[in-house]
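Just so it is clear, none of the values below were taken in a lab; they were calculated from the coordinates. Every value quoted in this text rests on a predicted model; they were computed, and no experiment measured them. Glycine also receives a Cβ, built like all others from the backbone with ideal geometry; neighbour counts cover every protein chain displayed.
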Amino acid sequence: MLYRLARPAIFALDAERAHRLTVNALKLLPSSKPQPLGGPLQTEVAGITFPNPVGMAAGFDKDAEVPDALLAMGFGFAEVGSITPRPQAGNPKPRLFRLVEDRAVINRMGFNNGGGELAHTRLAARSGRDGVVGINIGANKDSEDRIADYAAMTELMAPLASYLAVNISSPNTPGLRALQDEGALIALLDAVFEARGNLAVPVFLKVAPDLEPADVDAISRIAMDKGLGALIVSNTTIERPALLSAHAGESGGLSGAPLKPKALQRLRDFRRATGGALPLVGVGGIATAEDAWERIRAGASLVQLYSAMVYRGPGIARDIARGLETLMRRDGIASIAEAVGSE
């Protein structure tokens, strides 16, 4: 209710400024514990125990400023980043747009972040605290060797991460998605695993929704061959379905409600291609418990959201978690693991 009252004032601000104010406000909240383990939504993926399957996607907390505040808000896990080796300003502003009529967002941020050392300092300061915090890593836009960037970030961040998310699917860094090609992906993952060394931290791979069937098959095969912990399906899309907002023509990645059909289909494609042998994280257009339940039943072991919080407010994680418990009871399903792929 408080968010509904405040939303007109928040939406009167530029979207990126509103986001910055939100992060700053979360930094002022008193310390609070993350969601406890042991409830009906607890699930295990890639050897990690999650108190519930609802996570905050990368992009909200780019510089690892508020992961514990997000966990205290009811998220079962928080993914920070994307973080690059060197600081970079990202693309020119404005670069973040609310499409209110479509309940969507377009961004062309361009991996703006303070760099690996700054994030490492913050994450090292919270080392030993409870809660699942994934670290999403990327490459600098002007890097001469992007694979070396991912290797460097793996070496730096792996000791602090519940899991590493290798992001090669942002549409806002030119040429980045080419790393999804078979040869480049094998070389990238080899470099990441070598940099990880003997640490047991799982490696997740974040893929784009704009893939052809042959791409899905190749990525799935490589992911299973290399022993990835999970695939995150998916990032924002460069395609434009019919949209109502005046911002519909802005370049960048589209997220929110219009992405839902495509993200759901791509999840089903990866479920088919992997035969259920590799955990999947469903992302894109998830705004309600019903959306999350549909994605889980389609094959997602975990789900993530971000854009929906813009429209529904900070209580969304708890709302979805409570709704999932209701849906589990309705369908006579005892655990999240039992529901995965049950459609």
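So what's the back-of-envelope 222 nm ellipticity for the chain, counting only DSSP H runs of four-plus at -39500 (n - 2.57) apiece and dividing by all residues, rounded to 500? If you can, show how the numbers build up before the last one.
On the way: 12 runs with 130 residues, N = 343.
Theoretical 222 nm ellipticity from helices: -11500 deg cm²/dmol.
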Region 295-327 and region 98-158 have their Cα centres apart by a whole-number Å value of 22 Å
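Using a 10 Å cut-off around each Cβ, can you sort Glu79, Glu325 from fewest to most neighbouring Cβ atoms?
On the way: Glu79 32, Glu325 14.
In order of increasing Cβ crowding within 10 Å: Glu325, Glu79.
If you take every DSSP beta bridge fully contained in the chain, what fraction is antiparallel? Give it as a percent rounded to 5. Don't skip to the end; give the middle numbers.
On the way: 13 of 40 bridges.
Beta bridges within the chain, antiparallel portion: roughly 30 percent.
Net charge near Glu16, counting Lys/Arg +1 and Asp/Glu -1 over other residues with Cβ under 9 Å of its Cβ?
Result for the local shell: +3.
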Footprinting proxy, Val281, Val340: sorted fewest to most Cβ within 10 Å, the residues are Val340, Val281
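Express the relative contact order of region 2-339 as a whole percentage, based on alpha carbon pairs under 8 Å and six or more residues apart in sequence.
Values: 707 pairs, mean separation 60.5, N = 338.
Value for region 2-339: 18 percent.
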Scoring only Lys, Arg, Asp and Glu (+1, +1, -1, -1) among other residues with Cβ under 15 Å from the Cβ of Glu182 yields -3
Across region 2-339, qualifying lysine pairs (alpha carbons under 20 Å, at least 8 places apart or different chains) come out at 9
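Compute the signed sum of charges (Lys and Arg +1, Asp and Glu -1) over the other residues within less than 15 Å, Cβ to Cβ, of Leu2.
Numbers: positive: Arg4, Arg7, Arg312, Arg318; negative: Asp319.
So the environment of Leu2 carries a net charge of +3.
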